[in-house]
Amino acid sequence: MRARGSLLARSLLAAVLAGAAVALVTPAFAQVPPPAPQASTQPQQPSPAPLWFSQGRPVPEARQAVDALAGVAAEGLDPRDYDADALRQAVSQAASGAVLAPDAAARLDAALTAAMERMLADVHAGRVNPRAVHANFTPQTDRPFDAATWLRDGVAQHRLPDAIRQAAPSFPLYGTLRQALARYREIAKQPVWSQPLPALPAAKLAPGQSWRGTAALAARLVALADLPAGTQVPARYEGALVAGVKAFQSRHGLQPDGVIGKATLAQLDAPIASRVRQIELTMERMRWTPLDGPRMIVVNVPEFMLRAYEVRDGKLDIKLEMKVIVGKALDTRTPLFSEDMRYIEFSPYWNVPPSIAKRETIPRLRSDPGYFNQQGLEFVTGDGKAVTTLSEENLDAVLNGRMRIRQRPGPMNALGDIKFMFPNNENIYLHHTPTPQLFKRDRRDFSHGCIRVESPVALAQFVMQDMPEWTEARIREAMAGGKSKTVRLQQPLPVVLAYGTVIARADGRVSFLPDIYGHDKMLDNALRQRTGRATQPALARARGSTS
């Protein structure tokens with residue numbers, strides 16, 4: 001539908017421009033009879049009232065509309081997708097030249113309306129089906145947003161600019177991303193990226209060492225606000241320059257140790273145009289990621305972070321923030337979707353998924369039978385009976401689907417001592433872990449797809465805040481009880497597994513994260529294929545998370 005709509009808008013525009021040009025030169029154009037209409041058995045639908053023209057002249061809202069189309073780059077969109085230049089030219093000609101004939105005015109009105117409706121729909125809910133880029137969120141066509149009505153109401157109420165702004169996502173991150181986009185486009189104009197940084201004197205540059213690139217490095221760090229303007233550049237790589245590099249590293253998913261190695265140098269040399277594109281892609285994701293609930297838990301997968309939000313009096317309040325461990329980038333990626341959390345399991349059993357049992361658990365048990373008791377494993381029959389005897393017969397029964405393996409509650413349980421359930425087709429959930437030392441890593445994609453949380457007690461308190469009988473002491477007691485217990489929540493709580501490689505904060509600090517699953521690259525390709533324009537340079541690839 002999008003491609004067809006674009007072709008229709010372009011065809012209308014071509015007809016309008018041709019007709020308008022003739023009308024401006026030859027007023028008799030309005031008197032040329034149109035082709036005779038073909039007979040139709042369908043009843044004629046009344047033409048909608050014009051939005052942008054009155055008596056052959058554009059109304060003030062027409063200028064606002066073409067200005068909005070020309071300015072959609074501020075939203076991370078491309079004005080060429082909406083014929084912005086041609087429409088602006090046509091409206092300008094109609095305002096300054098001869099009065100447009102009724103049919104020419106109607107064609108231009110229809111073309112501008114089609115472009116505006118498409119732009120509003122794109123700003124509101126994105127340009128691609130999220131399910132086509134590995135994000136199982138509701139596509140635009142299934143959402144209750146009527147761009148045509150939204151547009152007509154904005155024009156009728158003489159508040160078109162406000163209506164356009166309000167069509168965009170209201171989540172605060174979208175606004176800070178918009179500001180970051182403008183800022184990085186300005187940064188891109190500075191000459192400090194015209195040449196790559198000089199080669200390092202060795203494999204790594206440590207504080208205190210000499211390097212001929214200190215001045216160029218300082219200029220880049222100042223442009224990026226990682227180093228205060230006016231900082232005196234030291235002769236060696238030391239002092240404020242090292243502090244600036246640490247700030248840069250912390251914003252780019254790198255270990256902030258101040259050592260410039262291959263990965264840090266690659267990020268310092270990344271074209272600013274690639275950062276601009278990364279922001280645009282994150283804004284696109286924001287349009288179809290459901291982040292509008294009054295209370296919610298959001299996991300940002302490439303950031304390895306979980307945040308719990310509340311919205312009060314129209315303001316977003318981050319109640320909780322913690323590190324998480326997500327699925328391995330190589331083969332067990334955490335899927336992206338949104339579901340409601342409905343219950344919590346304390347001291348849970350871990351039902352080993354058949355794929356893990358076949359690929360990992362059974363080979364381990366055959367090579368190391370002691371692993372069975374050490375890990376507290378047992379077999380479960382089809383009727384739910386637990387079998388604690390390890391045998392080849394039982395292993396074969398698991399492979400044949402007649403039994404399954406589960407791990408009993410206890411200190412070795414892979415889920416830790418609590419599991420947060422939001423039922424879904426992917427069998428993904430939040431849980432604690434018996435290996436909390438992994439939270440100290442900068443890059444944390446170690447799981448089979450589920451999300452391990454750093455602070456399960458704090459998360460349980462947030463989840464159960466409307467259940468006052470569940471105090472912190474009671475939560476801890478249930479976690480340590482060693483007996484599985486399920487507690488249903490009084491109110492479902494939305495959980496969103498999201499993917500954003502740019503975080504823009506209200507203080508102006510912008511973090512760029514590695515595209516660990518390649519989702520940004522996929523989205524970039526989908527957007528470029530949709531436009532049909534020549535492929536531009538792709539995003540610079542992140543090269544790891546260590547200095």
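The values are calculated or read from the model by the stated rules, or taken from the named source; none is laboratory data. Just so you know, these numbers come straight off a predicted model, no measurement behind them. In this analysis, Cβ positions are derived from the backbone assuming ideal geometry, glycine residues included, and neighbour counts consider all displayed protein chains.
Determine which member of the set 83, 122, 142, 78 is surrounded by 19 or more Cβ atoms within 10 Å (Cβ to Cβ), under 30 Å from residue 516 (Cα atoms), under 33 Å from the mean Cα position of the chain (by Cα) and not assigned by TED's automatic domain parsing to the domain that holds residue 281.
That would be 122, the only listed residue that is surrounded by 19 or more Cβ atoms within 10 Å (Cβ to Cβ), under 30 Å from residue 516 (Cα atoms), under 33 Å from the mean Cα position of the chain (by Cα) and not assigned by TED's automatic domain parsing to the domain that holds residue 281.
When residue 95 is evaluated against the numbered criteria (1) loosely packed, with under 15 Cβ neighbours inside 10 Å; (2) over 19 Å from residue 286 (Cα atoms); (3) out of contact with any strand residue (DSSP E or B) (no Cβ under 6 Å at 6 or more places or on another chain), which criterion, by number, is the only one it fails? Result: residue 95 fails condition (3) only.
Taking the criterion of being under 14 Å from the mean Cα position of the chain (by Cα) and either assigned by TED's automatic domain parsing to the domain that holds residue 298 or not in a helix (DSSP H, G or I) (or both), would at least one residue in segment 471-482 satisfy it?
Let us first name the residues in segment 471-482 that are under 14 Å from the mean Cα position of the chain (by Cα), namely none.
Looking through segment 471-482, none of the residues is under 14 Å from the mean Cα position of the chain (by Cα) and either assigned by TED's automatic domain parsing to the domain that holds residue 298 or not in a helix (DSSP H, G or I) (or both).
With 76, 97, 19 as the choices, which residue is over 28 Å from residue 277 (Cβ atoms) and at pLDDT 55 or above? Can you show your working first?
Working: 76 fails: over 28 Å from residue 277 (Cβ atoms); 19 fails: at pLDDT 55 or above.
97 is the lone residue from the list that is over 28 Å from residue 277 (Cβ atoms) and at pLDDT 55 or above.
Restricting 340, 331 to those that are surrounded by fewer than 18 Cβ atoms within 10 Å (Cβ to Cβ) and either farther than 30 Å from residue 465 by Cβ or of a type in the set (Val, Ile, Thr) (or both) reduces the list to 331.
Of all the listed residues (278, 267), the sole one being among the polar types (S, T, N, Q), at pLDDT 95 or above and closer than 30 Å to residue 124 by Cβ is 278. Taking segment 113-226 as the region of interest, none of the helices (runs of 4 or more DSSP H) fully inside it holds 3 or more residues being in contact with a Cys (Cβ under 9 Å, 6 or more places away or on another chain). Taken together, the residues in segment 344-366 that are within 21 Å of residue 434 (Cα to Cα), out of contact with any helix residue (DSSP H, G or I) (no Cβ under 6 Å at 6 or more places or on another chain) and not charged (D, E, K, R) amount to 9.
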